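To start, the structure itself, in structure tokens.
The values are calculated or read from the model by the stated rules, or taken from the named source; none is laboratory data. All values derive from a computational prediction rather than experimental measurement. Cβ placement follows ideal geometry from the backbone for every residue including glycine, while neighbour counts extend to all protein chains displayed.
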2 protein chains.
Amino acid sequence: MKSNLTPLGPKADKDTVRRSNLSLVLRAVRDEGEGEATRAGVAARVGLTRAAVSSLVEQLLETGFLTESGKTFSGQAGRPGTALKTARTGPAGLGVEVNIDYVSVCVVDLAGTGRVRLTEHLDNRGTPPAEVLARAAGIAARTLDSAREQELYPVGVALALPGLVSGGAVRQAPNLGWNQVPAEELFAAALTAEHPGHQELPVRSENEANLAALAELWFGGLERIRSFLYLTGEIGVGGALVIDGELLRGAHGFAGEIGHVVVDPDGPQCRCGSRGCLEQYAGQAALLRAAGVDGGGGLGVAELEKRVRAGDARAVGAVAEAGRMLGRVLSGAVNLLDPDAVVLGGIYRNLMPWLAAPADEELTGRVVSGLWAPGGGRLRASSVAGDAARGAAALVMTDVLADPVAYARPATV
Amino acid sequence: MKSNLTPLGPKADKDTVRRSNLSLVLRAVRDEGEGEATRAGVAARVGLTRAAVSSLVEQLLETGFLTESGKTFSGQAGRPGTALKTARTGPAGLGVEVNIDYVSVCVVDLAGTGRVRLTEHLDNRGTPPAEVLARAAGIAARTLDSAREQELYPVGVALALPGLVSGGAVRQAPNLGWNQVPAEELFAAALTAEHPGHQELPVRSENEANLAALAELWFGGLERIRSFLYLTGEIGVGGALVIDGELLRGAHGFAGEIGHVVVDPDGPQCRCGSRGCLEQYAGQAALLRAAGVDGGGGLGVAELEKRVRAGDARAVGAVAEAGRMLGRVLSGAVNLLDPDAVVLGGIYRNLMPWLAAPADEELTGRVVSGLWAPGGGRLRASSVAGDAARGAAALVMTDVLADPVAYARPATV
């Protein structure tokens, strides 16, 4: 999670400046990751004096956001410094991904490291939304128990949901069959019921592909890639756009819906109400059907991967055709956005060896700049690190990193 | 041209702070437009003291960036203030649009107001690029003569070009038949040849749809619309994306190429090398052909408009079909970007009464959020104010507005 380290403007008052500088220093240490953060290094990075940084570091050590250990030589003249790290205990973020056929819950610490993970595979279709969210709250409650054993205290929850999410509700999630579901409210009530007597955690919600894209941005090792289109193949085809390191949410929070870009205006009816959407050609169900694999869900995908690896002609052909359809729609998106890269996640990740070439071929022929070359590195598989639950948990932590003072005492959960 | 009025950070030195504050004040006065800017009003707006603003205003008056006139009552107690305006003389921007069948040159003043305009309709296809640019330089030179008569002194030139533009060159402009044309260099040399002995003007270049979109943003009266997709129907179909008030240029400067989003993968060959691009269905040539109008260019478009107005069935049908194709491609773009609005310019502007309904119908059926309603105001015609030459000229002025001190003496041209 890289972040912009810019001092405040001149009009801020003293307390605000100090709180902001505590955040600057904490994020500077966090950004070092496995590297060695020292007071001198942090001072150089954030543009404050060594004395100011020392005072800020003391406060962060006292309030439990930082720990220090050992001596490190900075390579410059002078006293050796001690190495600073973000604390492995204290405030934490809880991310809860509710998807079509699984629920996955993740707890991350200040560094964004995943510390607890609990995933249950179950079919959420045909179950009333309140029941699905109550089940997810149960899984979250068990995760919280594990977190507390590690002295991690989640300060908030972010829900990752497969649909159009705004104002705390799922406006529409065609593959779950959800319409106007007040997901935050239902989840919060269920979590309180699971954990009576504990402080309520603030709950927010976001589209799952958006959160997976943020996780990719923060933890995916993308290096200089700051603008990318992210596609995740699930039962639906989710999408998200990151531009200059920021998620593009759109005017109503509904950007990124590449699964519903039309491939053939007279094609098969889509659950969204339109016809011939990309999802009908490259979504999991279409892919399994074309490959002749019976049974959906994780088992179906595992079977598809097995057959493709074994060279089964029908399976390989189905994946190649999905790749062509992806490439066709992606070429339009690339002409529109000219991103650094297109990142394919979900079921596409493991299918890349069979998917990438036909997709690349369409892209090469149709990207007008002539700057798309097969195997040129602009089409890439997502990292394993970039999943929606971790992105959700890390999103919660952005609040803590932005103003650690507000979270200085561990919340009791 | 609204702009962000934010004071500098604490690390800037005194001279830098004063230069930045001069820019703040100048832009605050400019943003008032036809309103009454007073020292007190500016002080309130930019968050500086009245005394500081007075000193900055004095300097801007002395150096000719502002003028003041009359007395104005602010409605508050105290002395009446004098009304401040940006000067109508002094530094100016020169915008030169070189399109397929015309060249249009515009000079704007500090307020962004178009003060001189010279347009020549001519067919630039089949003429060597150097010759086209020399002709454009000749038109620009005549415009400069008119500008100087009004005591306007252009400080730079921006070229608006119909193709992929980066690094000062047109990488590809399929409809002009240009490939790797060093446009800035050729234009600068030709302008110097036209105006020997005068100071050379810095030349920059940008895609014409990008500049038209900026003009729409700055001068189009879009009010709260900050994110939009802009399409301009010309011989090609140009496009641009504005997100949160900023042009999205993309990783290589090639974003916005909606004209080359594929409609039918096996459709007609496009000049870009791909097949079935939107341009082949909704571009000017395709539209005139489908409508049965002979002859291209401005005359053909005028004839098409005449026939559509007269209710000619073939012409009306052709425009409706183009609208459907636009709507189909736009639905994908809206699903991807969720913009506040889609703005249609160029030949589409006058055709909106016949184009909008079929486009809206496709959009309504295919935008997954369900937030696209026919006639809901998200599909709109561009303003007359938003053209590429004015956008180009105004782009030059952003430098002057950002640091007026650097332009305090009129350049001699």
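Miscellaneous remarks
- Residue count for the stretch A:81-121, restricted to those that are outside any strand (DSSP E or B), farther than 21 Å from A:GLY33 by Cα and within 15 Å of the chain's Cα centre (by Cα): 1
- Complete set of residues in the stretch A:230-242 that are in a strand (DSSP E or B) and either more than 8 Å from every other protein chain (Cβ to nearest Cβ) or free of Cβ contacts under 8 Å to residues at least 24 places away in the same chain (or both): A:TYR230, A:LEU231, A:THR232, A:GLY233, A:VAL237, A:GLY238, A:ALA240, A:VAL242
Yes/no matrix, rows are residues, columns are (1) crowded, with 24+ Cβ neighbours inside 10 Å; (2) more than 23 Å from B:LEU287 (Cβ to Cβ):
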residue	(1), (2)
B:GLU216	yes, no
B:ARG224	no, yes
B:SER227	no, yes
B:LEU231	yes, no
B:GLY236	yes, no
B:LEU241	yes, yes
B:LEU247	no, yes
B:HIS252	no, yes
B:GLU257	yes, no
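- Given (1) more than 30 Å from B:THR127 (Cβ to Cβ); (2) in contact with a strand residue (DSSP E or B) (Cβ under 9 Å, 6 or more places away or on another chain); (3) modelled with pLDDT of 90 or more, index of the condition B:THR72 fails: (3)
- Given (1) over 23 Å from B:ASP264 (Cβ atoms); (2) surrounded by fewer than 17 Cβ atoms within 10 Å (Cβ to Cβ), number of the condition B:GLY317 does not satisfy: (1)
- Number of the exception - A:PHE254 against (1) within 17 Å of A:GLY345 (Cβ to Cβ); (2) at pLDDT below 95; (3) outside any strand (DSSP E or B): (1)
- Any hit, the stretch B:292-311, residues being within 28 Å of the chain's Cα centre (by Cα), surrounded by 17 or more Cβ atoms within 10 Å (Cβ to Cβ) and either polar (S, T, N, Q) or within 29 Å of A:VAL329 (Cβ to Cβ) (or both): no
- Qualifying residue in the stretch B:157-168 (condition: within 14 Å of chain A (Cβ to nearest Cβ), of a type in the set (A, V, I, L, M) and in contact with an Asp or Glu (Cβ under 7 Å, 6 or more places away or on another chain)): yes
- Test: B:LEU330 is among the aliphatic types (A, V, I, L, M), within 11 Å of chain A (Cβ to nearest Cβ) and surrounded by 24 or more Cβ atoms within 10 Å (Cβ to Cβ): yes
- When the stretch A:255-271 is filtered for residues that are touching a residue at least 60 places away in the same chain (Cβ under 8 Å) and either facing chain B (nearest Cβ under 7 Å) or of a type in the set (Val, Ile, Thr) (or both), the ones remaining, listed by number, are A:GLU257, A:ILE258, A:VAL261, A:VAL263.
- For first residues located in the stretch A:145-167 and surrounded by 17 or more Cβ atoms within 10 Å (Cβ to Cβ), partners that are among the hydroxyl-bearing types (Ser, Thr, Tyr) and modelled with pLDDT of 95 or more and lie 6+ apart or on another chain with Cβ distances below 6 Å form the pairs A:LEU159/A:SER205; A:LEU161/A:SER205; A:VAL165/A:SER205.
- Condition broken by A:VAL308, with the remaining ones in (1) within 14 Å of another protein chain (Cβ to nearest Cβ); (2) touching a residue at least 40 places away in the same chain (Cβ under 8 Å) satisfied: (1)
- Within the stretch A:278-291, being at pLDDT below 95 and either at the interface with chain B (Cβ under 9 Å from one of its Cβ atoms) or part of a loop (DSSP other than H, G, I, E, B) (or both) holds for one residue alone: A:GLY283.
- Residues in the stretch A:259-277 that are part of a loop (DSSP other than H, G, I, E, B) and in contact with a Leu (Cβ under 7 Å, 6 or more places away or on another chain): A:VAL261, A:VAL263.
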